[in-house]
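Read through the structure below, which is laid out as C-alpha coordinates, and then see the notes.
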Amino acid sequence: MSSSWPLWEVFVRGKRGLNHVHVGSLHAPDAEMAVRNARDVYTRRNEGVSIWVVPAASITASSPDEKDPFFEPSGDKVYRHPTFYEIPEDVPHL
Amino acid sequence: MDLEAQFERAVEAEQRVEPRDWMPDGYRRTLVRQIAQHAHSEIIGMQPEGNWISRAPSLRRKAILLAKVQDEAGHGLYLYAATETLGADRDDLTGMLISGRQKYSSIFNYPTLSYADVGVIGWLVDGAAICNQVPLCRTSYGPYARAMIRICKEESFHQRQGYELLMTMMSGTDAQRAMVQESVDRWWWPSLMMFGPPDAESSNTEQSMKWRIKRNTNDELRQKFVDMSVPQAQKLGVTLPDPELKWNAERGHHDFGQPDWEEFWQVVGGNGPTNAQRVAHRRKAHEDGEWVRAAAAAHASRRVAREGVA
Ligand SMILES: [Fe+2]
Ligand SMILES: [Fe+2]
(Lines give C-alpha, C1' and ligand atoms only; values in the text may rest on other atoms or scores of the structure.)
(Ligands and ions follow the chains in the order given, each with its own letter.)
Protein backbone atom coordinates (compact mmCIF):
# COMPACT_ATOMS: atom_id res chain seq x y z
CA MET A 1 0.00 0.00 0.00
CA SER A 2 1.28 3.41 -0.92
CA SER A 3 0.83 4.83 2.57
CA SER A 4 3.28 2.25 3.87
CA TRP A 5 5.69 3.60 1.27
CA PRO A 6 7.42 6.66 2.69
CA LEU A 7 7.04 10.12 1.18
CA TRP A 8 10.10 11.56 -0.59
CA GLU A 9 10.76 15.19 -1.46
CA VAL A 10 12.23 15.60 -4.94
CA PHE A 11 14.86 18.16 -5.99
CA VAL A 12 15.93 18.60 -9.60
CA ARG A 13 18.97 20.36 -11.05
CA GLY A 14 17.78 21.92 -14.29
CA LYS A 15 21.24 22.07 -15.85
CA ARG A 16 24.82 21.98 -14.79
CA GLY A 17 25.71 25.07 -12.81
CA LEU A 18 22.25 25.57 -11.29
CA ASN A 19 21.03 24.63 -7.81
CA HIS A 20 18.83 21.65 -7.18
CA VAL A 21 15.31 23.04 -6.75
CA HIS A 22 12.39 21.43 -4.96
CA VAL A 23 9.81 20.27 -7.52
CA GLY A 24 7.37 18.14 -5.52
CA SER A 25 7.10 14.82 -3.76
CA LEU A 26 6.20 11.19 -4.33
CA HIS A 27 5.82 7.86 -2.56
CA ALA A 28 8.32 5.07 -3.13
CA PRO A 29 9.41 1.97 -1.20
CA ASP A 30 13.09 2.95 -1.15
CA ALA A 31 15.52 5.64 -2.26
CA GLU A 32 16.46 3.92 -5.49
CA MET A 33 12.85 3.55 -6.60
CA ALA A 34 12.21 7.12 -5.51
CA VAL A 35 14.92 8.36 -7.90
CA ARG A 36 13.54 6.27 -10.75
CA ASN A 37 9.97 7.38 -10.13
CA ALA A 38 11.10 10.99 -9.82
CA ARG A 39 12.71 10.71 -13.25
CA ASP A 40 9.40 9.53 -14.75
CA VAL A 41 7.18 11.96 -12.87
CA TYR A 42 9.24 15.14 -12.85
CA THR A 43 11.65 14.98 -15.81
CA ARG A 44 9.74 13.65 -18.81
CA ARG A 45 10.94 16.57 -20.95
CA ASN A 46 14.62 16.91 -20.08
CA GLU A 47 13.85 19.15 -17.11
CA GLY A 48 16.86 17.88 -15.24
CA VAL A 49 20.38 16.55 -15.29
CA SER A 50 20.41 15.45 -11.65
CA ILE A 51 17.84 14.39 -9.05
CA TRP A 52 17.98 14.35 -5.26
CA VAL A 53 15.38 12.57 -3.16
CA VAL A 54 15.12 13.14 0.58
CA PRO A 55 12.80 11.32 2.99
CA ALA A 56 10.16 13.94 3.79
CA ALA A 57 10.38 12.92 7.44
CA SER A 58 14.05 13.95 7.53
CA ILE A 59 13.39 17.58 6.74
CA THR A 60 13.35 20.03 9.63
CA ALA A 61 11.76 23.34 8.75
CA SER A 62 11.58 26.70 10.45
CA SER A 63 8.12 27.45 11.72
CA PRO A 64 6.01 29.86 9.67
CA ASP A 65 4.32 31.14 12.84
CA GLU A 66 7.54 32.58 14.17
CA LYS A 67 8.60 33.82 10.74
CA ASP A 68 8.75 37.47 11.80
CA PRO A 69 10.80 37.12 14.99
CA PHE A 70 12.95 34.42 13.41
CA PHE A 71 14.08 36.51 10.46
CA GLU A 72 13.80 39.81 12.24
CA PRO A 73 17.52 40.13 13.14
CA SER A 74 18.44 40.88 9.50
CA GLY A 75 15.51 43.25 9.01
CA ASP A 76 17.17 46.34 10.47
CA LYS A 77 20.61 45.81 8.99
CA VAL A 78 20.20 47.88 5.86
CA TYR A 79 23.92 48.61 5.95
CA ARG A 80 24.50 45.07 4.66
CA HIS A 81 23.28 46.21 1.24
CA PRO A 82 25.59 48.06 -1.15
CA THR A 83 22.85 50.58 -1.93
CA PHE A 84 23.13 51.85 1.67
CA TYR A 85 26.28 53.72 0.77
CA GLU A 86 26.23 56.98 -1.15
CA ILE A 87 29.16 57.42 -3.48
CA PRO A 88 29.56 60.40 -5.81
CA GLU A 89 28.61 59.63 -9.43
CA ASP A 90 32.00 60.54 -10.77
CA VAL A 91 33.87 57.88 -8.84
CA PRO A 92 34.59 55.18 -11.44
CA HIS A 93 34.37 51.40 -11.10
CA LEU A 94 32.58 51.25 -7.76
CA MET B 1 -5.23 40.95 14.59
CA ASP B 2 -6.68 37.45 14.66
CA LEU B 3 -5.39 34.67 12.46
CA GLU B 4 -8.38 34.63 10.15
CA ALA B 5 -8.20 38.33 9.38
CA GLN B 6 -4.46 38.06 8.86
CA PHE B 7 -4.99 35.15 6.48
CA GLU B 8 -7.61 37.02 4.49
CA ARG B 9 -5.39 40.08 4.20
CA ALA B 10 -2.48 38.01 2.94
CA VAL B 11 -4.65 36.30 0.34
CA GLU B 12 -6.11 39.61 -0.81
CA ALA B 13 -2.59 40.96 -1.20
CA GLU B 14 -1.92 38.05 -3.60
CA GLN B 15 0.45 36.35 -1.20
CA ARG B 16 0.69 32.60 -1.61
CA VAL B 17 -0.38 30.34 1.23
CA GLU B 18 2.20 27.64 1.98
CA PRO B 19 1.65 24.23 3.64
CA ARG B 20 2.64 25.09 7.17
CA ASP B 21 0.88 28.48 7.30
CA TRP B 22 -2.24 28.85 9.39
CA MET B 23 -5.36 28.56 7.23
CA PRO B 24 -9.10 28.34 7.95
CA ASP B 25 -10.46 24.79 8.10
CA GLY B 26 -12.90 25.57 5.31
CA TYR B 27 -10.06 26.72 3.06
CA ARG B 28 -8.14 23.51 3.70
CA ARG B 29 -11.23 21.34 3.16
CA THR B 30 -12.21 23.14 -0.05
CA LEU B 31 -8.70 22.77 -1.42
CA VAL B 32 -8.41 19.08 -0.58
CA ARG B 33 -11.77 18.44 -2.24
CA GLN B 34 -10.97 20.49 -5.33
CA ILE B 35 -7.41 19.27 -5.84
CA ALA B 36 -8.37 15.64 -5.21
CA GLN B 37 -11.22 15.92 -7.68
CA HIS B 38 -8.79 17.42 -10.15
CA ALA B 39 -6.25 14.63 -9.53
CA HIS B 40 -8.94 11.96 -9.96
CA SER B 41 -9.94 13.60 -13.27
CA GLU B 42 -6.40 13.34 -14.61
CA ILE B 43 -6.20 9.67 -13.62
CA ILE B 44 -9.64 8.67 -14.88
CA GLY B 45 -8.98 10.78 -17.98
CA MET B 46 -6.33 8.27 -19.05
CA GLN B 47 -9.03 5.68 -19.80
CA PRO B 48 -11.03 7.12 -22.71
CA GLU B 49 -7.87 7.82 -24.70
CA GLY B 50 -5.84 4.86 -23.47
CA ASN B 51 -8.54 2.85 -25.17
CA TRP B 52 -7.11 3.94 -28.55
CA ILE B 53 -3.37 3.48 -28.01
CA SER B 54 -3.24 0.00 -29.50
CA ARG B 55 -5.45 1.03 -32.42
CA ALA B 56 -3.92 4.39 -33.36
CA PRO B 57 -3.12 4.13 -37.07
CA SER B 58 0.67 4.55 -37.08
CA LEU B 59 3.66 4.15 -34.82
CA ARG B 60 3.95 7.97 -34.70
CA ARG B 61 0.35 8.38 -33.52
CA LYS B 62 0.72 5.55 -31.02
CA ALA B 63 3.87 7.10 -29.53
CA ILE B 64 2.20 10.53 -29.28
CA LEU B 65 -0.93 9.15 -27.65
CA LEU B 66 1.09 7.05 -25.24
CA ALA B 67 3.10 10.13 -24.21
CA LYS B 68 -0.08 12.12 -23.71
CA VAL B 69 -1.72 9.49 -21.55
CA GLN B 70 1.50 9.18 -19.55
CA ASP B 71 1.44 12.95 -18.99
CA GLU B 72 -2.06 12.66 -17.55
CA ALA B 73 -0.77 10.11 -15.05
CA GLY B 74 1.95 12.60 -14.12
CA HIS B 75 -0.63 15.38 -13.69
CA GLY B 76 -2.58 13.18 -11.32
CA LEU B 77 0.55 12.53 -9.28
CA TYR B 78 1.55 16.22 -9.03
CA LEU B 79 -1.92 16.98 -7.75
CA TYR B 80 -2.13 14.10 -5.28
CA ALA B 81 1.22 15.30 -3.93
CA ALA B 82 -0.28 18.79 -3.51
CA THR B 83 -3.20 17.38 -1.47
CA GLU B 84 -0.73 15.61 0.80
CA THR B 85 0.86 18.94 1.72
CA LEU B 86 -2.57 19.73 3.21
CA GLY B 87 -2.57 16.60 5.33
CA ALA B 88 -4.62 14.37 3.03
CA ASP B 89 -3.70 10.69 2.80
CA ARG B 90 -3.12 9.22 -0.65
CA ASP B 91 -4.76 5.90 0.14
CA ASP B 92 -7.83 7.65 1.53
CA LEU B 93 -8.20 9.61 -1.70
CA THR B 94 -7.81 6.53 -3.88
CA GLY B 95 -10.35 4.81 -1.65
CA MET B 96 -12.80 7.68 -2.10
CA LEU B 97 -12.41 7.52 -5.87
CA ILE B 98 -12.87 3.78 -6.27
CA SER B 99 -15.80 3.70 -3.89
CA GLY B 100 -17.49 6.57 -5.75
CA ARG B 101 -17.44 8.95 -2.80
CA GLN B 102 -15.37 11.58 -4.61
CA LYS B 103 -16.07 12.84 -8.10
CA TYR B 104 -14.01 13.59 -11.17
CA SER B 105 -14.79 15.68 -14.23
CA SER B 106 -18.05 14.65 -15.89
CA ILE B 107 -16.39 14.73 -19.34
CA PHE B 108 -14.67 11.38 -18.77
CA ASN B 109 -17.98 9.61 -18.43
CA TYR B 110 -18.51 9.70 -22.18
CA PRO B 111 -17.22 6.90 -24.42
CA THR B 112 -14.60 7.32 -27.16
CA LEU B 113 -16.39 5.76 -30.12
CA SER B 114 -14.08 6.64 -33.00
CA TYR B 115 -10.43 7.47 -33.51
CA ALA B 116 -11.42 11.06 -34.36
CA ASP B 117 -12.34 11.32 -30.67
CA VAL B 118 -8.63 11.30 -29.84
CA GLY B 119 -8.19 14.46 -31.91
CA VAL B 120 -11.35 16.12 -30.63
CA ILE B 121 -10.48 15.37 -27.01
CA GLY B 122 -7.04 16.94 -27.51
CA TRP B 123 -8.54 19.99 -29.18
CA LEU B 124 -11.71 20.60 -27.15
CA VAL B 125 -11.35 18.71 -23.87
CA ASP B 126 -7.70 19.58 -23.26
CA GLY B 127 -8.52 23.04 -24.65
CA ALA B 128 -11.26 23.51 -22.05
CA ALA B 129 -8.95 22.12 -19.38
CA ILE B 130 -6.33 24.72 -20.36
CA CYS B 131 -8.92 27.51 -20.05
CA ASN B 132 -9.72 26.25 -16.56
CA GLN B 133 -6.12 25.69 -15.56
CA VAL B 134 -4.26 28.76 -16.77
CA PRO B 135 -5.91 31.03 -14.15
CA LEU B 136 -5.21 28.35 -11.51
CA CYS B 137 -1.49 28.98 -11.98
CA ARG B 138 -2.23 32.06 -9.82
CA THR B 139 -4.39 30.25 -7.27
CA SER B 140 -3.67 31.22 -3.67
CA TYR B 141 -2.32 27.88 -2.43
CA GLY B 142 1.36 27.63 -3.40
CA PRO B 143 1.76 23.88 -4.04
CA TYR B 144 -1.44 23.83 -6.15
CA ALA B 145 -0.31 26.85 -8.18
CA ARG B 146 3.10 25.30 -8.81
CA ALA B 147 1.54 21.99 -9.89
CA MET B 148 -0.70 23.91 -12.29
CA ILE B 149 2.25 25.74 -13.86
CA ARG B 150 3.92 22.40 -14.55
CA ILE B 151 0.68 20.94 -15.92
CA CYS B 152 -0.11 23.90 -18.17
CA LYS B 153 3.28 23.66 -19.85
CA GLU B 154 2.50 20.05 -20.78
CA GLU B 155 -1.11 20.64 -21.81
CA SER B 156 -0.16 22.75 -24.79
CA PHE B 157 1.30 19.64 -26.46
CA HIS B 158 -1.96 17.82 -25.76
CA GLN B 159 -4.08 20.39 -27.51
CA ARG B 160 -1.76 20.84 -30.45
CA GLN B 161 -1.40 17.12 -31.17
CA GLY B 162 -5.21 16.85 -31.19
CA TYR B 163 -5.70 19.76 -33.55
CA GLU B 164 -2.96 18.51 -35.86
CA LEU B 165 -4.56 15.06 -35.92
CA LEU B 166 -7.88 16.64 -36.91
CA MET B 167 -6.28 18.79 -39.62
CA THR B 168 -4.76 15.64 -41.06
CA MET B 169 -8.12 13.87 -41.08
CA MET B 170 -9.88 16.91 -42.55
CA SER B 171 -7.47 16.84 -45.49
CA GLY B 172 -8.31 13.17 -46.10
CA THR B 173 -11.42 11.50 -47.50
CA ASP B 174 -15.08 12.51 -47.13
CA ALA B 175 -15.52 9.61 -44.73
CA GLN B 176 -12.71 10.94 -42.54
CA ARG B 177 -14.17 14.45 -42.56
CA ALA B 178 -17.55 13.05 -41.60
CA MET B 179 -15.92 11.13 -38.78
CA VAL B 180 -14.41 14.35 -37.40
CA GLN B 181 -17.72 16.23 -37.64
CA GLU B 182 -19.59 13.41 -35.92
CA SER B 183 -17.07 13.46 -33.11
CA VAL B 184 -17.27 17.26 -32.71
CA ASP B 185 -21.06 16.94 -32.53
CA ARG B 186 -20.76 14.52 -29.61
CA TRP B 187 -18.04 16.35 -27.63
CA TRP B 188 -18.98 20.01 -28.01
CA TRP B 189 -21.70 20.14 -25.36
CA PRO B 190 -19.95 17.95 -22.78
CA SER B 191 -16.88 20.20 -23.26
CA LEU B 192 -18.97 23.27 -22.37
CA MET B 193 -20.15 21.42 -19.25
CA MET B 194 -16.54 21.07 -18.09
CA PHE B 195 -16.71 24.60 -16.69
CA GLY B 196 -19.41 23.53 -14.26
CA PRO B 197 -22.97 24.77 -13.76
CA PRO B 198 -24.00 28.37 -14.54
CA ASP B 199 -22.78 30.91 -12.00
CA ALA B 200 -26.27 31.34 -10.56
CA GLU B 201 -26.31 27.66 -9.55
CA SER B 202 -22.68 27.27 -8.52
CA SER B 203 -22.75 27.15 -4.75
CA ASN B 204 -19.00 27.16 -4.07
CA THR B 205 -17.89 29.87 -6.46
CA GLU B 206 -18.30 32.93 -4.24
CA GLN B 207 -16.26 31.70 -1.27
CA SER B 208 -13.63 30.16 -3.56
CA MET B 209 -13.24 33.46 -5.42
CA LYS B 210 -12.90 35.30 -2.13
CA TRP B 211 -10.14 32.93 -1.05
CA ARG B 212 -8.57 33.28 -4.52
CA ILE B 213 -8.70 29.52 -4.98
CA LYS B 214 -10.78 30.17 -8.06
CA ARG B 215 -9.88 33.17 -10.19
CA ASN B 216 -12.77 33.29 -12.70
CA THR B 217 -16.40 32.22 -12.61
CA ASN B 218 -17.68 29.22 -14.57
CA ASP B 219 -19.55 31.40 -17.05
CA GLU B 220 -16.56 33.67 -17.68
CA LEU B 221 -14.36 30.69 -18.51
CA ARG B 222 -17.05 29.09 -20.67
CA GLN B 223 -17.36 32.30 -22.68
CA LYS B 224 -13.62 32.46 -23.15
CA PHE B 225 -13.55 28.87 -24.37
CA VAL B 226 -16.33 29.48 -26.91
CA ASP B 227 -14.60 32.60 -28.21
CA MET B 228 -11.36 30.68 -28.61
CA SER B 229 -12.92 27.64 -30.26
CA VAL B 230 -15.03 29.32 -32.94
CA PRO B 231 -12.15 30.51 -35.17
CA GLN B 232 -10.34 27.20 -34.62
CA ALA B 233 -13.45 25.32 -35.81
CA GLN B 234 -13.67 27.57 -38.87
CA LYS B 235 -10.06 26.95 -39.83
CA LEU B 236 -10.58 23.25 -39.36
CA GLY B 237 -13.74 23.28 -41.47
CA VAL B 238 -16.13 21.79 -38.92
CA THR B 239 -19.45 23.12 -37.65
CA LEU B 240 -20.06 23.52 -33.93
CA PRO B 241 -23.48 21.99 -33.25
CA ASP B 242 -25.14 25.07 -31.74
CA PRO B 243 -27.75 26.94 -33.83
CA GLU B 244 -27.64 29.85 -31.38
CA LEU B 245 -23.91 30.38 -31.80
CA LYS B 246 -23.20 33.79 -33.35
CA TRP B 247 -20.90 36.78 -32.93
CA ASN B 248 -22.34 39.61 -30.84
CA ALA B 249 -20.49 42.76 -31.89
CA GLU B 250 -21.97 44.77 -29.05
CA ARG B 251 -20.63 42.44 -26.37
CA GLY B 252 -17.47 41.62 -28.27
CA HIS B 253 -18.19 37.94 -27.60
CA HIS B 254 -20.07 35.05 -29.16
CA ASP B 255 -23.59 34.33 -28.01
CA PHE B 256 -24.20 30.62 -27.56
CA GLY B 257 -26.80 28.12 -26.36
CA GLN B 258 -26.83 26.37 -23.00
CA PRO B 259 -25.83 22.73 -22.66
CA ASP B 260 -28.44 20.29 -21.39
CA TRP B 261 -27.94 20.85 -17.66
CA GLU B 262 -30.31 18.03 -16.83
CA GLU B 263 -27.90 15.67 -18.58
CA PHE B 264 -24.99 17.26 -16.70
CA TRP B 265 -26.56 16.58 -13.31
CA GLN B 266 -27.39 13.02 -14.36
CA VAL B 267 -23.74 12.40 -15.28
CA VAL B 268 -22.46 14.07 -12.11
CA GLY B 269 -24.90 11.92 -10.15
CA GLY B 270 -23.30 8.76 -11.53
CA ASN B 271 -25.68 8.02 -14.40
CA GLY B 272 -23.52 8.97 -17.37
CA PRO B 273 -22.79 6.51 -20.17
CA THR B 274 -19.55 5.15 -18.63
CA ASN B 275 -19.46 6.16 -14.92
CA ALA B 276 -19.67 2.60 -13.65
CA GLN B 277 -17.13 1.31 -16.18
CA ARG B 278 -14.56 4.05 -15.38
CA VAL B 279 -14.68 3.49 -11.64
CA ALA B 280 -14.68 -0.31 -11.96
CA HIS B 281 -11.62 -0.14 -14.21
CA ARG B 282 -9.77 2.08 -11.75
CA ARG B 283 -10.72 -0.18 -8.85
CA LYS B 284 -9.50 -3.28 -10.68
CA ALA B 285 -6.19 -1.61 -11.59
CA HIS B 286 -5.72 -0.64 -7.95
CA GLU B 287 -6.56 -4.10 -6.62
CA ASP B 288 -4.51 -5.90 -9.26
CA GLY B 289 -1.54 -3.73 -8.30
CA GLU B 290 -1.68 -4.66 -4.64
CA TRP B 291 0.86 -7.50 -4.90
CA VAL B 292 3.31 -5.21 -6.69
CA ARG B 293 3.09 -2.60 -3.95
CA ALA B 294 3.44 -5.26 -1.28
CA ALA B 295 6.41 -6.88 -3.02
CA ALA B 296 8.23 -3.56 -3.44
CA ALA B 297 7.66 -2.71 0.22
CA ALA B 298 8.89 -6.16 1.32
CA HIS B 299 11.98 -5.86 -0.88
CA ALA B 300 12.75 -2.41 0.53
CA SER B 301 12.42 -3.51 4.15
CA ARG B 302 14.55 -6.61 3.55
CA ARG B 303 17.26 -4.43 2.02
CA VAL B 304 17.18 -2.14 5.02
CA ALA B 305 17.54 -5.16 7.32
CA ARG B 306 20.38 -6.65 5.28
CA GLU B 307 22.39 -3.61 4.23
CA GLY B 308 21.16 -0.93 6.56
CA VAL B 309 20.24 1.32 3.64
CA ALA B 310 16.97 3.21 3.39
FE1 LIG C 1 -3.85 16.79 -17.77
FE1 LIG D 1 -4.16 16.89 -21.05
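The values are calculated or read from the model by the stated rules, or taken from the named source; none is laboratory data. Not measured: the values here are computed from a predicted model. Cβ placement follows ideal geometry from the backbone for every residue including glycine, while neighbour counts extend to all protein chains displayed. Heavy atoms of the whole protein, side chains included, go into the accessibility calculation; ligands, DNA and RNA do not. Shrake-Rupley method; radii C 1.70, N 1.55, O 1.52, S 1.80 Å.
Computed values, structure above
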{"item": "Net +/- balance of residues flanking B:Ser54 in space, Cβ distance below 13 Å, scoring K and R +1, D and E -1", "result": "+2"}
{"item": "Segment B:47-196, accessible surface, carbon-and-sulfur percent (1.4 angstrom probe)", "result": "62"}
{"item": "Exposure of B:Arg61 as accessible area (Å², to 10), given a probe of 1.4 Å and all protein chains", "result": "30"}
{"item": "Global geometry of segment B:111-206, whether rounded, prolate or oblate, following the gyration tensor of its Cα atoms and the 1.5 cut on a/c", "result": "oblate"}
{"item": "Coil-residue chymotrypsin sites (Phe, Trp or Tyr not before Pro) of segment A:40-93, DSSP, other Cβ within 10 Å capped at 11", "result": "A:Tyr85"}
{"item": "Of B:Lys68/B:Lys214; B:Lys210/B:Lys246; A:Lys15/B:Lys214; B:Lys103/B:Lys153; A:Lys15/B:Lys224; B:Lys62/B:Lys214, those spanning more than 28 Å from alpha-carbon to alpha-carbon", "result": "B:Lys210/B:Lys246; A:Lys15/B:Lys214; A:Lys15/B:Lys224; B:Lys62/B:Lys214"}
{"item": "Computed [θ] at 222 nm, helices only, for chain B once each DSSP H run of length n ≥ 4 contributes -39500 (n - 2.57)", "result": "-20500 deg cm²/dmol"}
{"item": "Set of lysines with alpha-carbon distance to A:Lys77 below 20 Å, sequence-local pairs under 8 removed", "result": "A:Lys67"}
{"item": "B:Arg33-B:Glu8 pseudo-label distance in nm [points 7 Å out on the Cα-to-Cβ vector]", "result": "2.0"}
{"item": "Point-to-point label distance, B:Arg160-B:Asp92, nm (Cα→Cβ direction, 7 Å offset)", "result": "4.0"}
{"item": "Between 0 and 90°, nearest 10: helix A:31-42 axis offset from chain A longest Cα axis", "result": "70"}
{"item": "Reduction of at least 20 Å² in accessible surface, 1.4 Å probe, comparing all protein chains with the chain by itself, residues of segment B:62-111", "result": "B:Gln70, B:Asp71, B:Leu77, B:Tyr78, B:Ala81, B:Glu84, B:Arg90, B:Asp91"}
{"item": "Protein accessible surface hidden between B and A, which excludes ligands and nucleic acids, total in Å², probe 1.4 Å", "result": "2000"}
{"item": "Computed over chain B: relative contact order in percent, which uses C-alpha pairs under 8 Å that are six or more apart", "result": "19"}
{"item": "Accessible area per residue in Å² at 1.4 Å probe, computed on the protein assembly as shown", "result": "53"}
{"item": "Members of segment B:121-155 that become less accessible by 50 Å² or more once partner protein chains are added (1.4 angstrom probe, chain alone as reference)", "result": "B:Arg150"}
